[in-house]
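The structure under discussion appears below in the form of structure tokens.
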Amino acid sequence: MYIGRMASFTLECRCGERYHVDDSQSGRRLACRRCGNQLEIRRPSEAAQGLPGWVRKARIRRKSRASQDTTKPVSAHPITIPRTFRWRVAAVLGWGYLAFALLIAALLWGLGDRNALGTVLLFMGRWVFLLPLLVLVPLVAWLRARLLLPLAVGALIVLGPVMGFRTGWRRLLPAPTGEHLRVVSFNADGDRLPGPMLTAELDRWQAQIVGIQECGEALSAAVRALPGWHVHVSRDLCFLSRYPIREAAVMDRSGLDRIKQSEADEPGGAGYVVRFLLDGPRGPIRAANLHLETPRKGLEGLMSGNRRRMSNNTDIRGIESKLARDWVTAGSGPLVVLGDFNTPVESVFFRDRWGDLTDAFSVAGLGLGTTKYNGWIGARIDHVLTNEDWHVDRAIVDVQRLSDHRALIVDLTLLAGAR
């Protein structure tokens with residue numbers, strides 16, 4: 001006989017943790033060691049009467065009379081304890097931020113340059129989507145630390161798909177055999193880079209190909225006077241090469257000049273694109289230097305309530321991107337395209353027109369790769385693109401801030417089997 005032996009039963013917390021107790025502990029409270037929830041110890045029949053109607057009642061296993069053994073403790077069943085108010089608030093905050101991050105990423109990649117909302121997301125300071133974490137992290141840690149996990153996942157989504165953070169893992173791989181060269185793309189913002197400083201920067205970059213956009217008159221004159229470089233200057237584009245320039249062709253933009261950007265008859269688009277054929281160390285190399293239309297005109301129109309100007313600007317940028325792609329990829333052989341695209345990689349224009357080429361920073365860059373600064377807003381709109389004849393070894397954004405842009409420096413290897 002088991003006279004005096006207490007009947008045991010099981011408590012189950014919402015987190016799934018179970019505890020075996022007996023009647024001697026009835027009426028006491030137990031803190032869950034996994035989630036910290038307070039469990040009130042009550043027998044199944046008592047708990048079912050005390051729980052609110054929305055809580056699932058304990059399910060009691062019924063045994064047949066033949067299988068009942070009065071000498072054993074009463075077999076009890078889990079009591080499900082309702083989640084506390086603090087748990088529910090933490091869940092709403094944690095999972096709500098994760099859902100918010102997923103929504104922003106979907107809008108950015110799905111609507112970028114398709115409509116006004118997507119374009120604003122492309123060119124705004126996307127770091128603002130991390131600001132809620134300043135409040136959410138300490139609050140959720142105080143309410144229920146386990147729900148910091150969805151906050152962490154949401155933060156990674158904002159840093160990665162939204163802000164464009166790159167891990168740079170490819171630079172850890174050994175470079176393949178082949179001809180190595182360095183290319184640099186830099187928007188000089190007019191004549192802010194004087195001639196003597198340009199010479200010093202070229203010595204520091206140690207590049208074989210340099211494309212400069214917004215190359216002002218004084219800077220163009222300094223470029224033409226550089227010894228040891230093959231130079232081509234057209235409009236605001238300056239191109240410098242250590243390899244001889246066999247051919248240079250400027251894209252016809254007369255059609256773009258006829259497009260009116262606004263009611264003020266402002267000519268539409270920059271659309272400055274020059275392609276080159278260079279005498280490389282192992283044969284011809286195709287290269288291109290370009291500067292495409294800025295979205296600033298459209299965003300300014302949107303801020304002033306002129307949605308038509310925003311729509312026209314977006315249309316022009318799409319047309320320019322298609323014309324530029326068709327122009328620079330004519331021919332065959334190794335291809336390098338560098339310049340100020342005025343378009344982030346998430347844009348539908350960039351993905352549709354240039355997505356089959358390799359974006360150097362996307363595959364071999366570390367960090368956000370911001371090349372354009374406008375106060376507290378930064379964007380990665382300067383790119384170096386290659387075809388399959390190249391391997392991207394490394395891509396970095398220059399630490400020197402020489403204008404409102406920073407130079408993009410890319411190390412490439414011309415693969416041994418390149419045609």
LEU302 passes all but one of the listed conditions (1) outside any helix (DSSP H, G or I); (2) at pLDDT below 95; (3) out of contact with any Asp or Glu (no Cβ under 7 Å at 6 or more places or on another chain); (4) crowded, with 17+ Cβ neighbours inside 10 Å; the exception is number (1)
Checked the range 138-163 for anything touching a Leu at 6+ places or on another chain (Cβ under 6 Å) and surrounded by fewer than 13 Cβ atoms within 10 Å (Cβ to Cβ); matches are none
Check the range 390-403 and report whether any residue there is part of a helix (DSSP H, G or I), open to solvent by less than 10 Å² (accessible area, probe 1.4 Å) and under 28 Å from ASP279 (Cα atoms).
no
Of those in the range 315-346 that are without any contact (Cβ under 8 Å) to a residue 60 or more places away in the chain and in a strand (DSSP E or B), the residue farthest from the chain's Cα centre (by Cα) is LEU335
When every residue in the range 405-416 that is open to solvent by 10 Å² or more (accessible area, probe 1.4 Å) and under 21 Å from the mean Cα position of the chain (by Cα) is compared, the one modelled with the lowest pLDDT is ARG406
- Inspect all residues belonging to the range 285-298 and state whether any of them is over 21 Å from LEU181 (Cβ atoms), in contact with a helix residue (DSSP H, G or I) (Cβ under 6 Å, 6 or more places away or on another chain) and part of a strand (DSSP E or B). no
Filtering the range 347-383 for residues that are on the phi < 0 side of the Ramachandran plot and assigned to a loop (DSSP other than H, G, I, E, B) leaves a count of 10
Scanning the range 349-378 for residues that are open to solvent by 40 Å² or more (accessible area, probe 1.4 Å) and touching a residue at least 60 places away in the same chain (Cβ under 8 Å), the one nearest to the chain's Cα centre (by Cα) turns out to be LEU368
Residues of the range 185-212 being over 18 Å from HIS230 (Cβ atoms), open to solvent by less than 10 Å² (accessible area, probe 1.4 Å) and at pLDDT 90 or above, in sequence order, are ASN187, ALA188
For the range 122-179, the count of residues that are polar (S, T, N, Q) and over 16 Å from the mean Cα position of the chain (by Cα) equals 1
Of ILE319, ILE381, the only residue that is aliphatic (A, V, I, L, M) and either in contact with a Gly (Cβ under 7 Å, 6 or more places away or on another chain) or buried (at least 19 other Cβ atoms within 10 Å of the Cβ) (or both) is ILE381
ASP113 fails exactly one of (1) closer than 30 Å to VAL137 by Cβ; (2) at pLDDT 75 or above, namely (1)
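What number of residues within the range 100-115 are open to solvent by 40 Å² or more (accessible area, probe 1.4 Å), over 15 Å from the mean Cα position of the chain (by Cα) and over 19 Å from LEU134 (Cβ atoms)?
Within the range 100-115, the subset open to solvent by 40 Å² or more (accessible area, probe 1.4 Å) is 100, 102-103, 106-107, 109, 111, 114-115.
From what's left, over 15 Å from the mean Cα position of the chain (by Cα): 100, 114-115.
Retained after the next criterion (residues that are over 19 Å from LEU134 (Cβ atoms)): 114-115.
Qualifying residue count, the range 100-115: 2.
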Scanning the range 164-184 for residues that are among the aliphatic types (A, V, I, L, M) and buried (at least 20 other Cβ atoms within 10 Å of the Cβ), the one nearest to TRP127 (Cα to Cα) turns out to be VAL184
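Tell me yes or no: at least one residue of the range 126-137 is of a type outside the set (D, E, K, R), surrounded by fewer than 14 Cβ atoms within 10 Å (Cβ to Cβ) and modelled with pLDDT under 95.
Of the residues in the range 126-137, the ones of a type outside the set (D, E, K, R) are 127-137.
Of the ones still in play, those that are also surrounded by fewer than 14 Cβ atoms within 10 Å (Cβ to Cβ) are 128, 131, 134-135.
Checking which are modelled with pLDDT under 95 leaves us with none.
Checked against the condition, which is being of a type outside the set (D, E, K, R), surrounded by fewer than 14 Cβ atoms within 10 Å (Cβ to Cβ) and modelled with pLDDT under 95, the range 126-137 yields no hits at all.
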When restricted to ALA207, ALA155, ALA188, the only residue closer than 18 Å to ALA364 by Cβ and touching a residue at least 24 places away in the same chain (Cβ under 8 Å) is ALA207
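The values are calculated or read from the model by the stated rules, or taken from the named source; none is laboratory data. None of the values given here were measured: they were computed from a predicted structure. Glycine gets a Cβ as well: all are built from the backbone with ideal geometry, and neighbour counts include every protein chain shown. The area values use the complete protein model at the heavy-atom level, side chains included, leaving out ligands, DNA and RNA. Shrake-Rupley method; radii C 1.70, N 1.55, O 1.52, S 1.80 Å.
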